[in-house]
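Written below as structure tokens is the structure these notes are about.
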Amino acid sequence: VINQAALRFRPAPREKLDAILQGDPTLSPLIARMLVARGYDTPAKVQVFFNPTAEALHDPLQLKGMTEAVELLREGLAQGQRILIHGDYDCDGVCGTTLLMEALQEVGADVGYHLPDRFQEGYGLSMLAVERCKQEGFGLLVSVDCGSSSHLEIEAAKAAGIKVIVTDHHTVPQEPPQPHAFVNPQQAGCPYPFKGICGTGVAFKLIQALRGQSGLQPDHFLDLVALATVADVVPLIDENRVLVQFGLQEVGRSRREGLTALMEVAGRSGRDVVDAFTVGFTLGPRLNAAGRMEHARAGVELLMSRSLTEARQLATHLDNLNEERKECERRIQEEIEIRLRSDPQRYRSGAIVEWGEGWHEGVIGITAGRLAEKYGVPTLVIATDGERAKGSGRSPENVDLYQALRACERLFQKYGGHPRAGGFSLHSQHLPELREEMARVSNDLRDGLAPVWLDGTVTLAQADIDLVKELERMEPFGEKNPKPAFLMEGVDVVHQRLVGKAAEHLQLEIEQVGQRRRAIAFRQADLVGDLKTQEYRYDLRCELGRDTYKGQEQLRLQVLGVVQPPSHEVATDSVAVVDLRHLRGRRKALEEWLGGADRRTAICRQPDKAVLSYPDYPEQFYTYHTCPAVESGLVLLTPPDSLQSLDELLDRVHPSHLVVLFGCAEVERSVATLVAQRWSRDMAIRFWQLLKSGRVEPLTRASAERVAQDRLKLQPDTTREILSAFTETGAVRSDETTGGLTFGQANGTKLEDTRAFLQWRERVRKMEEVRAFFSGPDLAWRMGQRWPWLAASSRVPEPLSVR
Ligand SMILES: [Mn+2]
């Protein structure tokens, strides 16, 4: 359940929106909004975003240290030196190692590789590898995806006469190491224009430089680059977008037996579209699992395998390790959540700090990430082994984790990280103190609620396969180009049931303005207890995708979270705006408001009809335009036709408080009614032809309205407007007293320039403005902005969970 005050729309300034819509009128406003919010705010940038080409890639030689690295490699190759590739145990390190191994073998090098054991050797260049170089006669050590903090090991290798090339993309310490060549876009003084490439990306650049190539060559390594880029969660912007887009095509060609086998075990046949999602959620975790649960070697062996039989065995092994990893994660998370449920203070305190003996070190980071996301607070998960404790932390955007860890510095033996993630080790006896300290510093550092981002609002009617296809043009999604999330407002939950092996998912049947659809909320079974579907309509945060079911393509609506509706039990002496847009039992609520001691007034479109439904309150219904001054509060039953109408009403009436009792559904209906009266030039021409056909007998306003309704399904209002437009153009003259019509001489006024047409357009524009104003969270706050004398309070209710 999401606290509505945490919702944030990614900002998209109106002027920039207009500029790119002018540049490409085929863009839908929704997509345009997302592009602007992501920084693609000129037609040229949008053009490059949708059409990635090799030109967007940067020259490898712009990387500082590249020339030296290439020289050393060439020298080594010429001398027949043995080369040891030193990778890392995650997917990026494994892909980078494979890439360098194969590329150097292609040019005839004698190469071997070393991947550190996560549990024995830890992260970074390993002393064991330096020893191996000495014993096995490797004269050149090349790191990939690590080494920037391995000063000691680098010096040891140099002392033993080994040449060292470090290639990496991790943050470089203040005092950088001094290998013979150091290639890392993050290092000070590196002119490379993009800092976001992953370790495998840097290795790819090294090979390009060695071969004197650039752009997308050599393309048979792009599959590894794409895989690592997605799995390492580096930003999918700039050249990464190009590398991934072309690299995924290479994965799809499946020329690598290992990837074919891995897709098989993941249940993806070769014909399936390979997208960033497949890589990020199926291939990546399986390659990561090796290093997390056992040893990363299996990953390199798989990627380098030339035999499908062998590859299948290795892939099955990785798949088993991945299952083991998931099971481990599930157990730890479950254990923590049991603790949190029995003692909610453990997450309400400001941070989650939980530890367990023998918890698997390889998965605590993922678990911390899940919990931080779910509870919206910084989370440290710690594996203890007697007196030794090793932990991993993740944090939502509103708390800088690195700062928090630094504030607890004195408790740690070692720590490091960045604003969203970090790692540390300490003595177990300090754990209770760490829990307290962490809660305290997190509260100090916290900047508002953890934001829950949105890209826009959609209605159930707008959400269709065409929209999904448009969204897919923005792929690959990932870091810095996240999968779009939308707000779907005022939805009735008509049915819910638990699905999945362990009944862990929630399937919903939802309805909005007459449209009904099925939606799925993964791993959110606990929502069942929170939803009050009889009382409220809900706003859903959701993602749109597609599924193929029995050969039929259909929309997949995934619910990411449900927004807590504002509570309706409020005392009006404390608030000026009561937001009841989500209430279902309107009749009961209205009667309560009308029957109250202070006789509130209700504003609606047709007071005479309302009085028939509520005969007990004959004097209490008015329209926006007829309401006299009141002593008490106003209840708004239907949306106004413009914000100005509401301005005027409030100016005239000065209510003590305002109750908004219409929801998004009512606003949508008003818009729909208005749009149903739409008349276009085409419609006017067909009406003209009808008039001229002689079928309108006698030729009067009344019979024209009747015939137009029968034959063209035009509302009488619409017919009247078109007729008055014709009168303006001079094509028709009408006799005011008899209603008789005669054809006249056109005076040159275009139909689109007539007052009748422009007025209609203006009405629609005003209604759109009303729709925008009354949709979205924080209505009370926005009303307070527009009418400051309505001392609005945002009335955020007690959250059900911290989010
Ligand atoms: Mn990496």
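All but one of (1) small (Gly, Ala, Ser); (2) in contact (Cβ under 8 Å) with a residue 40 or more places away in the chain; (3) within 16 Å of the ligand (Cβ to nearest atom) hold for Gly189; which doesn't?
Condition not satisfied by Gly189: (3).
Just for the range 340-358: of the residues that are basic (Lys, Arg) and surrounded by 14 or more Cβ atoms within 10 Å (Cβ to Cβ), which one is nearest to Asn398 (Cα to Cα)?
Across the range 340-358, the extreme among qualifying residues is Arg348.
Can we say Thr260 is part of a helix (DSSP H, G or I), of a type in the set (S, T, N, Q) and either within 16 Å of the ligand (Cβ to nearest atom) or in contact with a strand residue (DSSP E or B) (Cβ under 8 Å, 6 or more places away or on another chain) (or both)? Quick ask: steps written out before the conclusion?
Numbers: part of a helix (DSSP H, G or I): yes; of a type in the set (S, T, N, Q): yes; either within 16 Å of the ligand (Cβ to nearest atom) or in contact with a strand residue (DSSP E or B) (Cβ under 8 Å, 6 or more places away or on another chain) (or both): no.
So Thr260 fails the test.
Filter the range 127-144 down to residues that are within 16 Å of the ligand (Cβ to nearest atom) and without any contact (Cβ under 8 Å) to a residue 60 or more places away in the chain and give me whichever is surrounded by the most Cβ atoms within 10 Å (Cβ to Cβ). Please lay out each step first, then the result.
Applying the first criterion (within 16 Å of the ligand (Cβ to nearest atom)) to the range 127-144 yields 142-144.
Filter once more, keeping what is without any contact (Cβ under 8 Å) to a residue 60 or more places away in the chain: 143-144.
Numbers: Ser143: 34, Val144: 32.
Among them, the one singled out is Ser143.
State all residues of the range 474-490 that are of a type outside the set (Phe, Trp, Tyr) and farther than 10 Å from Gly456 by Cβ; if no residue qualifies, say none.
If we filter the range 474-490 for residues that are of a type outside the set (Phe, Trp, Tyr), which is where we start, we get 474-476, 478-485, 487-490.
Within the range 474-490, Met474, Glu475, Pro476, Gly478, Glu479, Lys480, Asn481, Pro482, Lys483, Met488, Glu489, Gly490 meet the criteria.
I'm trying to understand the selection: among the residues of the range 193-215, which are surrounded by fewer than 22 Cβ atoms within 10 Å (Cβ to Cβ) and either near the ligand (Cβ under 10 Å from one of its atoms) or aromatic (Phe, Trp, Tyr) (or both)? Please lay out each step first, then the result.
If we filter the range 193-215 for residues that are surrounded by fewer than 22 Cβ atoms within 10 Å (Cβ to Cβ), which is where we start, we get 193-196, 209-215.
Passing the criteria: only Phe194.
Give just the number: which of (1) touching a residue at least 12 places away in the same chain (Cβ under 8 Å); (2) touching a Pro at 6+ places or on another chain (Cβ under 9 Å); (3) not small (Gly, Ala, Ser) does Val611 not satisfy?
(1)
For Phe119, are the conditions met, namely being hydrophobic (A, V, I, L, M, F, W, C), closer than 21 Å to Arg297 by Cα and under 45 Å from the mean Cα position of the chain (by Cα)?
Details: hydrophobic (A, V, I, L, M, F, W, C): yes; closer than 21 Å to Arg297 by Cα: yes; under 45 Å from the mean Cα position of the chain (by Cα): yes.
For Phe119, the condition - hydrophobic (A, V, I, L, M, F, W, C), closer than 21 Å to Arg297 by Cα and under 45 Å from the mean Cα position of the chain (by Cα) - is met.
Kindly check whether there is at least one residue in the range 35-57 that is more than 16 Å from the ligand (Cβ to nearest atom), under 19 Å from Asn240 (Cα atoms), touching an Asp or Glu at 6+ places or on another chain (Cβ under 8 Å) and not in a helix (DSSP H, G or I).
Yes; the residues of the range 35-57 include at least one that is more than 16 Å from the ligand (Cβ to nearest atom), under 19 Å from Asn240 (Cα atoms), touching an Asp or Glu at 6+ places or on another chain (Cβ under 8 Å) and not in a helix (DSSP H, G or I).
Looking at (1) without any contact (Cβ under 8 Å) to a residue 24 or more places away in the chain; (2) within 23 Å of the chain's Cα centre (by Cα), can you tell me which one Ala44 breaks?
All conditions are met except number (2).
So in the range 343-365, with the set limited to residues that are farther than 17 Å from Leu449 by Cα and in contact (Cβ under 8 Å) with a residue 40 or more places away in the chain, which one is nearest to the chain's Cα centre (by Cα)?
As a first pass, look at the range 343-365 and keep what is farther than 17 Å from Leu449 by Cα: 343-346, 353-365.
Applying the additional criterion that residues be in contact (Cβ under 8 Å) with a residue 40 or more places away in the chain yields 353, 355, 360-363, 365.
On the way: Val353: 27, Trp355: 31, His360: 30, Glu361: 29, Gly362: 27, Val363: 24, Gly365: 21 Å.
Ranking the candidates gives Gly365 first.
Yes or no: the range 107-115 includes at least one residue that is farther than 24 Å from Gly161 by Cβ and either within 16 Å of the ligand (Cβ to nearest atom) or not in a strand (DSSP E or B) (or both).
Here is the first cut: in the range 107-115, the ones farther than 24 Å from Gly161 by Cβ are none.
Taking every residue of the range 107-115 in turn, none turns out to be farther than 24 Å from Gly161 by Cβ and either within 16 Å of the ligand (Cβ to nearest atom) or not in a strand (DSSP E or B) (or both).
Could you tell me which residue of the range 145-166 is farthest from the chain's Cα centre (by Cα), considering only residues that are within 15 Å of the ligand (Cβ to nearest atom) and farther than 17 Å from Leu73 by Cβ?
Step one: list which residues in the range 145-166 are within 15 Å of the ligand (Cβ to nearest atom), which gives 145-150, 166.
Subset that is farther than 17 Å from Leu73 by Cβ: 145-146, 148-150.
Values: Asp145: 28, Cys146: 30, Ser148: 32, Ser149: 33, Ser150: 36 Å.
Among them, the one singled out is Ser150.
Taking Arg292, is it in a helix (DSSP H, G or I), modelled with pLDDT of 90 or more and among the charged types (D, E, K, R)?
Numbers: in a helix (DSSP H, G or I): yes; modelled with pLDDT of 90 or more: yes; among the charged types (D, E, K, R): yes.
For Arg292, the condition - in a helix (DSSP H, G or I), modelled with pLDDT of 90 or more and among the charged types (D, E, K, R) - is met.
Show the residue pairs that are 6+ apart or on different chains and have beta-carbon atoms under 9 Å apart, the first residue being within the range 195-209 and more than 16 Å from Glu71 (Cα to Cα), the second being away from the ligand (no atom under 11 Å from the Cβ) and acidic (Asp, Glu).
Gly196/Asp238; Gly196/Glu239; Gly196/Glu479; Ile197/Asp238; Ile197/Glu239; Gly201/Glu239
Only residues that are under 17 Å from Ala421 (Cα atoms) and outside any helix (DSSP H, G or I): list them for the range 356-378, please. It would help to see each step written out before you state the result.
We begin by selecting, within the range 356-378, every residue under 17 Å from Ala421 (Cα atoms); these are 361-378.
Within the range 356-378, Glu361, Gly362, Val363, Gly376, Val377, Pro378 qualify.
What about Val381, is it surrounded by 18 or more Cβ atoms within 10 Å (Cβ to Cβ), within 27 Å of the chain's Cα centre (by Cα) and part of a strand (DSSP E or B)? It would help to see each step written out before you state the result.
Numbers: surrounded by 18 or more Cβ atoms within 10 Å (Cβ to Cβ): yes; within 27 Å of the chain's Cα centre (by Cα): yes; part of a strand (DSSP E or B): yes.
It is true that Val381 is surrounded by 18 or more Cβ atoms within 10 Å (Cβ to Cβ), within 27 Å of the chain's Cα centre (by Cα) and part of a strand (DSSP E or B).
If Gly270 satisfies every condition in (1) more than 27 Å from the chain's Cα centre (by Cα); (2) at pLDDT 90 or above but one, which is the exception?
Status for Gly270: all satisfied but (2).
Within the range 311-339, can you find the residues that are over 25 Å from Thr379 (Cβ atoms), surrounded by fewer than 18 Cβ atoms within 10 Å (Cβ to Cβ) and in contact with a helix residue (DSSP H, G or I) (Cβ under 8 Å, 6 or more places away or on another chain)?
Taking the range 311-339 and keeping what is over 25 Å from Thr379 (Cβ atoms), we get 311-320.
Those still in the list that are surrounded by fewer than 18 Cβ atoms within 10 Å (Cβ to Cβ) too: 313, 316, 320.
The answer is Thr316, and nothing else.
Being surrounded by fewer than 24 Cβ atoms within 10 Å (Cβ to Cβ) and closer than 17 Å to Leu210 by Cβ is the filter here, so list the residues in the range 87-112 that pass it. Let's see the steps before the verdict.
Initially, the range 87-112 is screened for residues surrounded by fewer than 24 Cβ atoms within 10 Å (Cβ to Cβ), giving 101-112.
Result: Met101, Glu102, Ala103, Leu104, Gln105, Glu106, Val107, Gly108, Ala109, Asp110, Val111.
Answer yes or no as to whether Ala439 is buried (at least 18 other Cβ atoms within 10 Å of the Cβ) and in a strand (DSSP E or B).
Working: buried (at least 18 other Cβ atoms within 10 Å of the Cβ): yes; in a strand (DSSP E or B): no.
No: the conditions fail for Ala439.
Taking the stated definitions as given, is Gly96 closer than 16 Å to Val166 by Cα and within 14 Å of the ligand (Cβ to nearest atom)?
Values: closer than 16 Å to Val166 by Cα: yes; within 14 Å of the ligand (Cβ to nearest atom): yes.
Spelling it out, Gly96 is indeed closer than 16 Å to Val166 by Cα and within 14 Å of the ligand (Cβ to nearest atom).
Checking Pro655 against (1) part of a helix (DSSP H, G or I); (2) within 30 Å of Pro565 (Cβ to Cβ); (3) over 40 Å from the mean Cα position of the chain (by Cα), which single condition isn't satisfied?
(1)
Output yes when any residue across the range 651-661 is surrounded by fewer than 20 Cβ atoms within 10 Å (Cβ to Cβ) and hydroxyl-bearing (Ser, Thr, Tyr), and no when none is. Write out each step before concluding.
Kept after step one, since they are surrounded by fewer than 20 Cβ atoms within 10 Å (Cβ to Cβ), are these residues of the range 651-661: 651-654, 656.
Now narrow it down to the ones that are hydroxyl-bearing (Ser, Thr, Tyr): 656.
Yes, that holds for at least one residue.
A quick yes/no check of all residues on (1) farther than 22 Å from Phe773 by Cα; (2) not hydroxyl-bearing (Ser, Thr, Tyr):
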residue	(1), (2)
Ala597	yes, yes
Gln606	yes, yes
Tyr617	yes, no
His625	no, yes
Thr638	no, no
Leu646	no, yes
Asp651	no, yes
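Taking into account only those residues within the range 70-93 that are more than 22 Å from Thr229 (Cβ to Cβ), touching a Phe, Trp or Tyr at 6+ places or on another chain (Cβ under 9 Å) and not in a loop (DSSP other than H, G, I, E, B), which is farthest from the ligand (Cβ to nearest atom)?
Filtering the range 70-93 for residues that are more than 22 Å from Thr229 (Cβ to Cβ), touching a Phe, Trp or Tyr at 6+ places or on another chain (Cβ under 9 Å) and not in a loop (DSSP other than H, G, I, E, B), the one farthest from the ligand (Cβ to nearest atom) comes out as Arg82.
Quick grid of which residues meet (1) out of contact with any Asp or Glu (no Cβ under 9 Å at 6 or more places or on another chain); (2) over 14 Å from Pro179 (Cβ atoms); (3) at pLDDT below 95:
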{"site": "Leu73", "(1), (2), (3)": "yes, no, no"}
{"site": "Gly87", "(1), (2), (3)": "no, yes, no"}
{"site": "Met101", "(1), (2), (3)": "yes, yes, no"}
{"site": "Glu106", "(1), (2), (3)": "yes, yes, no"}
{"site": "Gln120", "(1), (2), (3)": "yes, yes, yes"}
{"site": "Met127", "(1), (2), (3)": "no, yes, no"}
{"site": "Glu131", "(1), (2), (3)": "yes, yes, no"}
{"site": "Val142", "(1), (2), (3)": "yes, no, no"}
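The values are calculated or read from the model by the stated rules, or taken from the named source; none is laboratory data. Quick caveat: nothing in here was measured; it's all calculated off a predicted structure. Quick reminder, even Gly has a Cβ in these numbers, built from the backbone with ideal geometry, and neighbours come from all protein chains shown.
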